[in-house]
Every structure is written in structure tokens, then in C-alpha cells.
1. Give me a comma-separated list of calculated 3J(HN,Hα) values for segment 106-114, in order, Karplus coefficients 6.51, -1.76, 1.60 applied at θ = phi - 60°, integers in Hz, x for any Gly or Pro.
2. Viscosity 1.306 mPa s, temperature 10 °C: what is the translational diffusion coefficient of the chain from Stokes-Einstein with a Kirkwood Rh over Cα pairs, rounded to a whole number of µm²/s?
3. For segment 98-179, count all C-alpha to C-alpha pairs, find those more than 23 Å apart, and express that count as a whole percent of the total.
4. Over the chain, give the accessible area per residue in Å² for a 1.4 Å probe, as an integer.
5. So how exposed is residue 188, as accessible area in Å² (1.4 Å probe, rounded to 10)?
6. How much accessible surface does residue 7 have with a 1.4 Å probe, in Å² rounded to 10?
7. Out of the total accessible area of segment 108-255 (probe 1.4 Å, heavy atoms of protein only), what percent is carbon and sulfur?
8. Please compute the modelled spin-label separation between residue 199 and residue 28, points set 7 Å along Cα→Cβ, answer in nm with one decimal.
Amino acid sequence: VAAEAERDEFRRMNDAKSQLLSLISHELKSPLTGISAFAEMLSENPGGNLTDRQLRQVRLIRRSADQLGLLVNDLLDLSGLDSGEFRLEFKGFSPRDMVVQTAEAVEPIMRHQAQRLELDVKAADGEIRGDPARLGQVVMNLLTNASKFSPRGADVKLRAEVDDRSFRVRVRDPGIGICEEDCRRLFTAFFRADNPETRAVPGTGLGLYIASSIVKLHGGTISVESRRGGGSTFTFEVPRNPPVAAQHAQAALDD
Ligand SMILES: Nc1ncnc2c1ncn2[C@@H]1O[C@H](COP(=O)(O)OP(=O)(O)OP(=O)(O)O)[C@@H](O)[C@H]1O
Ligand SMILES: [Mg+2]
């Protein structure tokens with residue numbers, strides 16, 4: 001009986017946590033949209049009367065709001081995964097185009113670090129089924145991680161390929177690497193490695209958790225091969241034609 005009461009109490013607290021998470025992430029969204037939109041407007045100096053110093057300050061507001069926006073989106077995803085509201089929208093799409101477009105979005109970030117992205121999408125022609133926006137989010141997180149955790153001037157390599165049965169993406173970086181113990185915890189929510197290089201870059205440790213959830217909801221797998229100081233290789237693979245059930249199977253996340 002005591003165990004049962006404890007279980008009820010746990011369930012109640014867990015529900016309260018989920019509700020709070022959902023409330024916070026939804027409520028943060030609209031004021032943030034206002035801040036971003038007006039800061040963007042101001043940064044174009046419409047009245048022509050802002051000083052250079054004021055313009056720099058407005059751009060800083062905008063950049064901070066954008067960063068907060070990414071965090072809020074991750075919290076919304078986390079909340080959705082938590083409550084089973086997270087839904088994929090499956091359709092047919094070109095994995096090659098998805099990868100190329102995502103790479104283009106990451107390019108400015110990498111250029112800023114004098115890093116190079118080597119794309120190999122020769123074998124990624126054809127059509128697959130899945131949620132292209134969500135799979136793009138997976139590729140995006142792997143690429144931004146590769147950039148964040150590699151030195152200036154590093155070469156990052158992405159290879160994408162499809163065969164009869166699956167679509168596979170491999171992202172390889174020459175960066176700081178990950179020790180064996182951390183590799184085991186990498187895909188859990190809020191995990192960040194406890195080292196100075198990681199503390200030096202922004203992030204909440206939700207990216208890989210969300211990425212692995214998206215891959216699992218497609219009926220696929222994600223894995224890492226790494227060694228501290230020896231660079232990292234992340235690979236994910238999803239079926240070319242995911243089972244229809246995968247789209248709704250929150251159960252896929254429970255193992
Ligand atoms: N390519 C990599 N090289 C070295 N360490 C990595 C790499 N990718 C991830 N990590 C480690 O795993 C942690 C979790 O990665 P994850 O993408 O989930 O979080 P993050 O990038 O810190 O924050 P965000 O939520 O913005 O993605 C990172 O903080 C880092 O310690
Ligand atoms: Mg990340």
C-alpha cells in the first residue's frame with residue numbers, strides 16, 4: 001500500500017512538472033515573438049536617427065531574443081515529447097535536398113569559425129518518406145555540435161546515402177571528442193559533458209535528446225563513435241519507408 005501511495009504521489013508530481021513545462025514554453029513564445037519582431041524592425045533604423053552604438057545594442061537584443069527563441073523551441077519539443085503531443089508529419093521528400101538546405105543554413109555559423117563543411121550527397125538521390133522538417137532538425141543539431149565542439153578552421157564532413165531500405169547520415173568532426181562514460185549519457189535530456197570546452201559554448205543539452213527522439217519516432221537508430229581528444233562521428237539511420245504506426249507510436253520512445 002505504501003508503495004502504491006508513493007507511486008501515486010510520483011505520478012502527481014510528474015504531471016505537475018509536465019504542466020508547468022508546457023505552460024512555461026507556450027507562454028514564453030508570444031512575448032518573445034514581439035521582442036524579436038520589433039528589435040528586427042528597429043535594427044533597420046527606419047527613422048534614420050539611431051546612433052551606431054544604439055544600433056549595436058538593438059542587434060544584441062535581437063541576437064539574444066533569437067537565442068532565447070531556440071531554447072523555447074527546444075522546451076516546447078521536450079514538453080511535446082513528454083506529453084505525447086509531439087507528432088511527425090510524414091510525406092515523400094528528397095533527402096538530398098533536405099541535407100543540402102540544412103547545410104546551407106549552418107554554413108554562416110561555420111564560416112564564422114573559418115570551418116569548412118565537406119558535403120557528400122552523391123548517393124542520396126531518390127525519394128524517401130518521413131518528416132523532412134524534423135529530420136532537418138536532427139541534421140542541424142549534429143552539424144552545429146560538430147562546429148561548436150571543434151576548433152577554428154576545422155573540416156567537418158557529412159555523408160548522406162540512401163539504399164533500398166534506409167536513409168543514412170554520418171557527420172564526422174575532428175573536435176574535442178567524448179569519453180566513453182559520456183557517450184553512454186549523450187542522448188539523455190539536459191546532458192552536457194563536464195569539460196571546459198563544453199562550458200565555453202552555449203547550449204542546454206536538449207539537442208541530442210530531441211534528435212534521438214525524432215529518429216526513434218521514424219523507427220530508426222542513432223549512434224556515436226568517439227574518443228576524448230580524437231574527434232567524433234555521429235550516424236543516424238531511418239527506414240526509407242517508416243511503418244505508418246511509427247508516426248504515432250510514443251511507445252517507440254519508451255524503450
Ligand atoms: N560533436 C561533438 N563533439 C564533442 N562533444 C559533443 C559533440 N556533440 C555533442 N557533444 C557533447 O554532448 C552534449 C550534448 O549535446 P546536445 O546537442 O544535446 O547539447 P548542446 O549542443 O550542448 O545544447 P543544445 O541543446 O543547444 O543542442 C554537448 O553539450 C557536448 O558536451
Ligand atoms: Mg546541440
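1. 8, 3, x, 4, 6, 4, 4, 9, 6
2. So the translational diffusion coefficient is about 79 µm²/s.
3. When all Cα pairs of segment 98-179 are counted, 21 percent exceed 23 Å.
4. Result: 58 Å² of accessible area for each residue.
5. 70
6. Rounded to the nearest 10, the figure is 130 Å².
7. Heavy-atom surface of segment 108-255 belonging to carbon and sulfur, 1.4 Å probe: 50 percent.
8. 2.3
The values are calculated or read from the model by the stated rules, or taken from the named source; none is laboratory data. For clarity, every value in this text was computed on a predicted model and none was experimentally measured. Neighbour counts run over all protein chains shown; Cβ positions are idealised from the backbone, glycine included. Ligands, DNA and RNA are stripped out before the accessible areas are found, and what is left, the full protein with its side chains, is counted by its heavy atoms. Shrake-Rupley method; radii C 1.70, N 1.55, O 1.52, S 1.80 Å.
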